[in-house]
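The values are calculated or read from the model by the stated rules, or taken from the named source; none is laboratory data. Because the structure is a prediction, the values reported are computed rather than measured. Cβ coordinates were reconstructed from backbone atoms using ideal geometry, including for glycine residues, and neighbour counts include every protein chain displayed. For the accessible areas, the whole protein counts, side chains as well, though only heavy atoms, and no ligand, DNA or RNA atoms are used. Shrake-Rupley method; radii C 1.70, N 1.55, O 1.52, S 1.80 Å.
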Amino acid sequence: MRVGLFVTCLVDLMRPSIGFSALKLLEHAGCRVVVPETQTCCGQPAYNAGDAKAVRGLALKFMEEFAGCDYVVAPSGSCAGMIRTHYPDLFRAEPEILAELEPLCRRTYELTDFLVSVMKLERVPGRFSGSLTYHDSCSGLRELGISRQPRALLAKMPGVRLVEMRESTTCCGFGGTFSLKFGDISARMADHKCDHGEATGADALAGGDLGCLLNIEGRLRRRGNHTTRVLHIAELLAGEEGQD
Amino acid sequence: MECSAGEFKHRAAQKLGDVKLQAALRRLQDKFVDGRAAALAELDGFDSLADAAAAVRERALADLDGYLLRFEREAIARGAHVHWAETGADANRIVVEIAAAHGVRTAAKSKSMVSEECGLNHALEQAGIRVTETDLGEYILQLAQEPPSHIVAPVVHKSKEEISELFHEKHHTPRKTDIAELCREAREVLRPAFLGADMGISGANFLVAETGSAVIVTNEGNGRLVTTLPRVHVVITGIEKVVPTLEDLATLLRLLPRSATGQAITNYVSLLTGAKGERDPDGPEQMHVILLDNGRSRLLGDELQSILRCIRCGACMNHCPVYQNVGGHAYGWVYPGPMGSVLTPAYQGLENALDLPHACTMCGACGAVCPVRIPLPDLLRRLRERQTERGLRPWRERLALRLWAWTAKRATLYAVGTRAAAWLLARAGGKDRLLHRLPGAAGWSAGRDMPAPPGRTFRDLYRERGRR
């Protein structure tokens, strides 16, 4: 099975270890993974800023790069959601493009969803030991229905004790450019997330989208919390947490 | 009501620092979010009911003129008068004319957001008519001379203590802290206003085309007093509120109170049909229904049409993490939260509410809870696109996005840029590997650090690994 890894622009730049963890997990699950080297970004920032036209070129580029793949997997519900639910809308009036793009979009998955729903993964290599609380990122949750998948995978790690926080499904305040345009509101939302996360007493807060994790970790550190670890689900499952 | 949506950012910053407001917003969230969840859990399936409700609303909108004319015919047949108002000013003028024709000196009002759109109270006062708001929340706001901050719970931003102080000051009575006592005091003050009013003014949650009825869904008895005691009853509502049949109404009534306040049904659901008949013991001698357009018909056939399905339950704002943190007044016009961020630019002009469609993280919570399936995030995004199309975004933002999209299409150039950025950010991160300041992104770093990257991009590391 040929699986294309869509690394995402944020992981490429800010935390490559998540990309390598995703790669490891996919290979562990028995996939033949290809990583198209020319990939960049799915275009969501421009799409949500109101410049859908700017995204069309990126969508076509994506289609070309991943054309031969049985599946495309991204370690992000936000990017996978953009591709899966919004790319087709950009070409509604162009049936020829849609005929090729839409099936590819339907074969695009968020990492944990793919591992659970498609690969039916039985065992994970991760060895994390301690308590965890899980933040449900918005796009993954509401566009792709990702909620039980990461928890099901964490349950396969005997050392993990999952402690749910209050309002785990409430937005952390990241929202892409929202976090820059409305920094004060965004930071307040992150504050609530930090409060709820800290209240669980968990050793680490985990999630499936790096954007949210940077936001939450950034706020935690600014508040003076330097102990709660903030980890991506891929790093945890792959046993690569603490690596760069 | 004057629109000050252009001041959203400034107002939001103030509201974030308002400790009392923050406490009030927490209470609202606990009550309405949990209440809705519990009330909907009683139903077999929210999804199928919401689909049915959306279909009812779409059916009404698809043939809106037909259903409105049907409503008009049926209402007139039952002794009501129907008026059509294109703008808020037209609606105000019609109410003032009705008042003049019937020698009205005083009016008692039940809650109506449409009348807030028109600034009706002000117009009536200008015409020398004394108006009393009789919904408890609206009455408090009238005393405080403030606009509502929520469409269902208009005074949600005020604490019990603030209301106690306000009553003490305005009623010249001893301070009370018990909510029941405060309510009793309001009731005593308001009773003469009901009994003495020449005109009762109400809104309508729905209009039923097949019977010509105006429907109001309330928890306080004031709605029935206002619509039955005074000799003239005026309903003022938006043209989109019409539903074809009583059966359609029943579908919507299963969802409205549950979505709004977490109640299976409100204390009162009143169907007001025509003026007092010959054999009726009581009721108004005159019933007038004013159907207001005020920008609504412009949305028919438009990409934003689905916002006209809105049944004003407030669930979108109750679940909106932005509303939950800044409250309704930050939004600057009648309707706050996600539905308001669509309606304000739609009715007041895109250029007068530039921040509202962007004041949203696209978290999707509003769309998920909407009982009539309005795709609110999509509508907000569409408004952002319109701002871009009309050149209303700041040039720096447009340039940055374009430049970024242009680069992202060129893999080699993009790789050079990200390689440099990764290196620079890693250096700037220092020993604790945190960026405390981000030049050009102060919005982020004013309240947050940025965890620094390790310094090499995935792309470079992956290529290196392949060579090994």
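Results, tabulated for the structure shown:
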quantity	calculated
Chain lengthening between B:Ala421 and B:Thr177 when straightened (0.36 nm per residue, less Cα-Cα)	82.0 nm
Percent of beta bridges antiparallel (DSSP, chain B, rounded to nearest 5)	30 percent
Heavy-atom accessible area, 1.4 Å probe, ligands and nucleic acids excluded: residues of region A:1-35 down by at least 30 Å² from chain alone	A:Asp12, A:Leu13, A:Met14, A:Pro16, A:Phe20, A:Leu23, A:Val35
Cα gyration tensor of region B:47-297 - equivalent ellipsoid semi-axes, whole Å, descending	29, 22, 17
Amide H partners (placed H, <5 Å) of A:Asp203, local residues excluded	A:Ser131, A:Leu132
Net charge dipole size for chain B [Lys, Arg +1 and Asp, Glu -1 on Cβ; Debye, nearest 20]	2980 debye
Carbon and sulfur %, accessible surface of region A:76-151 computed with the full protein complex present, 1.4 Å	47 percent
Region B:395-467, Cα convex hull volume normalised per residue, Å³	96 Å³
Which of B:Thr245, B:Asn205, B:Val189, positive extreme of dipole for region B:181-256 (C-beta unit charges)	B:Val189
Selection from A:Gly175, A:Gly211, A:Pro150 lying farthest towards where the dipole of region A:93-244 points positive, charges on Cβ	A:Pro150
Förster radius 30 Å - calculated FRET efficiency between A:Ala99 and B:Arg433, Cβ distance, rounded to 0.05	0.05
Point-charge dipole on Cβ atoms (K/R +1, D/E -1) for the protein assembly as shown, about Cα centre, debye to 20	2440 debye
Kirkwood-Stokes translational diffusion coefficient of region B:329-468, alpha-carbon pairs, 25 °C, 0.890 mPa s, µm²/s	133 µm²/s
Per residue Cα convex hull volume in Å³ - calculated over region B:6-62	123 Å³
Cα-centre dipole for chain A with unit charges at Cβ (Lys and Arg positive, Asp and Glu negative), debye to 20	460 debye
Amide H within-cut-off set for B:Trp84, under 5 Å, with H built and near neighbours excluded	B:Leu291
Paired Rg and Dmax values of region A:172-244, which use every Cα atom, in angstrom	12.2, 36
Burial order of peptide ranges B:288-300, A:79-91 (average beta-carbon count within 10 Å, highest first)	A:79-91, B:288-300
Rg ratio (alpha-carbon, reference 2.2 N^0.38 Å) - region A:78-207	1.25
Residue-averaged 222 nm ellipticity for the protein assembly as shown, from DSSP H runs of 4+ at -39500 (n - 2.57), nearest 500	-14500 deg cm²/dmol
Residue (of A:Ala74, A:Thr40, A:Met63) at the positive-pole extreme of region A:2-118, dipole from beta-carbon charges	A:Ala74
Accessible surface, per residue, of region B:47-297 when the full set of protein chains is kept, probe 1.4 Å, Å²	41 Å²
Percent carbon-and-sulfur accessible area, region A:154-214, ignoring ligands, DNA and RNA, probe 1.4 Å	53 percent
Solvent-accessible heavy-atom area per residue, rounded to whole Å², over region A:2-118 at 1.4 Å	32 Å²
Rg followed by Dmax, in Å, when the protein assembly as shown is reduced to its Cα trace	27.9, 97
Cα convex hull volume per residue for chain A (Å³)	111 Å³
Solvent-accessible area buried by pairing B with A, both sides, nearest 100 square angstrom, 1.4 angstrom probe	5400 Å²
Cα Rg, Dmax, region A:2-118, angstrom units	13.5, 40
Folded to 0 to 90 degrees: helix B:64-77 orientation relative to chain B principal axis, Cα	20 degrees
Relative intensity, log₁₀ I(q)/I(0), of region B:274-399 from a Debye sum that treats every alpha carbon as a point, q = 0.18 Å⁻¹	-0.93
B:Ser213 long-range amide H proximity, modeled H, under 5 Å	B:Val208
At 0.692 mPa s and 37 °C, Stokes D of region B:77-217 from Kirkwood alpha-carbon radius, µm² per second	199 µm²/s
Solvent-accessible area of B:Glu188 with every protein chain in place, 1.4 Å probe, in Å² to the nearest 10	120 Å²
Value of relative contact order over chain A, rounded to a whole percent, pairs C-alpha under 8 Å and six or more apart	22 percent
Distance (nanometres) between label positions extended 7 Å along Cα→Cβ at B:Ala62 and A:Thr227	6.1 nm
Protection proxy ranking of B:274-281, B:435-442 - average other beta-carbon atoms within 10 Å, highest first	B:435-442, B:274-281
Chain-alone versus full-assembly comparison, region A:178-208, residues with accessible loss of at least 10 Å² (1.4 Å probe)	A:Phe178, A:Ser179, A:Leu180, A:Lys181, A:Phe182, A:Gly183, A:Asp184, A:Ile185, A:Ala187, A:Arg188, A:Met189, A:His192
Accessible area (Å², 1.4 Å probe, nearest 10) - B:Cys310	10 Å²
Debye intensity ratio in log₁₀ form over the Cα atoms of region B:304-351, taken at each q of 0.14, 0.23 Å⁻¹	-0.31, -0.82
Dimensionless Rg over Rh [region B:192-252; C-alpha; Kirkwood]	1.02
Residue list for region B:150-171, given a label point 7 angstrom along the Cα-to-Cβ vector of B:Val19 and an amide N cut-off under 17 Å	B:158-162
Quotient of Cα Rg and 2.2 N^0.38 Å for chain B, N being how many residues it contains	1.14
In degrees, nearest ten, helix B:88-101 long axis to first principal axis of chain B (Cα)	10 degrees
Cα-based helix-to-principal-axis angle, B:395-408 vs chain B, degrees rounded to 10	50 degrees
Rotationally averaged projected area of region A:24-88 (alpha carbon convex hull; nm²)	4.7 nm²
